[in-house]
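Down below is the structure, laid out as structure tokens.
Please treat every number below as a calculation from the coordinates, not as lab data. Computed from a predicted model, the values in this text were never measured in an experiment. Cβ sites come from the backbone with ideal geometry, for glycine too, and all protein chains shown count toward neighbours.
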Amino acid sequence: MARTITVTTSLGTKWEAYSQTLLKMHVPEWPRVIIDGRCDWTPTGFVTKVLSLDSDYICHVDEDCFVSSREALLKLVAIFENDPSVVAAGIPDGGYYYRERNPAALNLFFIMFRTESLAKAWAQLERGEECSFQPEYAKEVTRQWPNLDLGRVNCDLVEPYYPLFWNMIKNGGKFFYLGEKLDSKRWSSTVLLPSGEAIAEHMWYLRNWFSKKTMQGHDSRNVDRYLNLQRHLHRTYLTKIEFWWNFGVFNLRRFYRRLRP
């Protein structure tokens, strides 16, 4: 059986407890690692924390990303198992409402890596072997995402983690680009398999989740978006004792970690 671990870089908000509870409920056999992101945060700081752990796949799930289906998660793993050339799976980093950068790269809010391939590309970066983007790298995303919004693409805009992806592609790897659907009720992104099955929901703007401001392009206050999600989760799991037990446990762990120096 494939060995998959999840890792979350957390600011320690209450949404961490919800996110971890859902991971625990849907894939209890996957070990979960939480990294304190309040100090010295970097987008890829989680990599060195988990590469030494025993795994075939590493799934990075943001604190404000909430998985919704065990079956979809296991189907995602099966994609890797059935095609050894797939080294990472996630949402393109451009071509849709929230992201207007390079779609050949993947956004980190929900991403699964083949551990062996990630380790090789990371070791290359540590040795100073840093690849740059090549136009041919975009062929796969345009093939998998024929409806990519080219008006929301700018390959000249970069993120500090992009060279990791270019190394993985240059090493012969292929990315599996997951779908994204904008949910205007909460202005969130639903992560989709090609079949249309939902894997997770990502909320965005976590650092300002409590803000009473309405983010540009939205029609509701940021705090109301998050409280809408909270009500949805409470209704969905109202009678699930397992949910409330795990939520309490993860909240206690979160409080304890915040109290530590």
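Using DSSP to call loops (not H, G, I, E or B), can you name the trypsin sites (Lys or Arg not before Pro) in the stretch 144-186 whose Cβ has at most 15 other Cβ atoms within 10 angstrom?
In loop regions of the stretch 144-186 (DSSP not H, G, I, E or B), the sparsely surrounded trypsin sites (Lys or Arg not before Pro) are K185.
List the relative contact order of the stretch 91-143 as a percent without decimals, with contacts defined as Cα pairs under 8 Å and 6+ residues apart.
RCO, the stretch 91-143: 30 percent.
About its Cα centre, what dipole magnitude does the stretch 141-208 give when the only charges are +1 on Lys and Arg Cβ and -1 on Asp and Glu Cβ, stated in debye to the nearest 20?
It works out to roughly 60 debye.
Comparing I241, I169, I35, which has the greatest mean-square fluctuation in the GNM of the chain with Cα pairs linked when under 10 Å apart?
Looking only at I241, I169, I35, the biggest GNM fluctuation is shown by I241.
Can you give me the long-range amide H partners of I35? Hydrogens built in the peptide plane at 1.01 Å from N, cutoff under 5 Å, separation of 5 or more residues or another chain.
T8, T9, S10
In degrees from 0 to 90, rounded to the nearest 10, what is the angle of the helix 115-126 Cα long axis to the longest principal axis of the chain?
Taking Cα atoms only, the helix is inclined about 70 degrees.
Mind jotting down the three principal axis lengths of the stretch 1-153 based on Cα atoms? Whole angstrom, largest first.
That gives 39, 36, 36 Å along the principal axes, largest extent first.
Taking the Cα centre as origin and putting +1 on Lys and Arg beta-carbons and -1 on Asp and Glu beta-carbons, what dipole magnitude results for the chain, to the nearest 20 debye?
1040 debye
Find the relative contact order for the stretch 174-249 and round it to a whole percent, using C-alpha pairs within less than 8 Å whose residues are 6+ positions apart. Could the numbers behind the result be given before it?
Values: 77 pairs, mean separation 13.6, N = 76.
Value for the stretch 174-249: 18 percent.
State the three equivalent ellipsoid semi-axes of the stretch 104-214, derived from the C-alpha gyration tensor as the square roots of 5 times its eigenvalues, in descending order and whole Å.
27, 18, 15
Using only the alpha carbons, work out the radius of gyration and Dmax of the chain in angstrom.
Over the chain's Cα set, Rg and Dmax evaluate to 18.0, 53 Å.
With each label point set 7 Å from Cα along the Cα-Cβ vector, what nm distance links R253 and R127?
Going from the R253 label point to the R127 one covers 3.6 nm.
Taking θ = phi - 60°, what integer Hz values does the Karplus form 6.51 cos²θ - 1.76 cosθ + 1.60 yield along the stretch 209-223, in sequence order, with x for Gly and Pro?
4, 8, 6, 8, 7, 9, 5, 4, x, 8, 10, 8, 5, 4, 4
List every residue whose amide H lies under 5 Å from the amide H of R101, counting only residues 5 or more places away in sequence or on a different chain, with H placed 1.01 Å from N in the peptide plane.
G94, G95, N154
Please report the Cα spread of the stretch 204-254 along all three principal axes, rounded to whole Å, starting with the longest.
Dimensions of the stretch 204-254 along the principal axes of its Cα atoms: 38, 23, 14 Å.
Using DSSP to define loop residues, name the trypsin sites (Lys or Arg not before Pro) in the stretch 193-235 whose beta-carbon has at most 10 other beta-carbon atoms within 10 Å.
Loop-located and lightly packed - K212.
In whole Hz and in residue order, list the ³J(HN,Hα) couplings for the stretch 138-154 that follow from phi through the Karplus curve 6.51 cos²θ - 1.76 cosθ + 1.60, θ = phi - 60°; x for Gly and Pro.
So the J values, rounded to whole Hz, are 7, 4, 5, 5, 5, 6, 7, 10, x, 9, 3, 7, 5, x, 10, 10, 8.
In whole Å, how far is the Cα centre of the stretch 40-72 from that of the stretch 171-225?
Each part's Cα centre sits 17 Å from the other's.
Would you be so kind as to identify which of A121, P146, S132 lies farthest towards the positive end of the dipole of the stretch 117-193, taking Lys and Arg as +1 and Asp and Glu as -1 on Cβ and the Cα centre as origin?
Looking along the dipole axis, the top candidate is P146.
Going toward the positive end of the dipole of the chain, with +1 on Lys and Arg Cβ and -1 on Asp and Glu Cβ, which of N82, T214, L252 do you reach last?
L252
Mean separation of Cα pairs under 8 Å and 6+ residues apart, divided by the residue count of the chain: what relative contact order is that in percent?
It rounds to 21 percent for the chain.
Please find, in a Gaussian network model of the chain (springs between Cα atoms separated by less than 10 Å), the residue of L229, L150, L106 whose mean-square fluctuation is greatest.
L150
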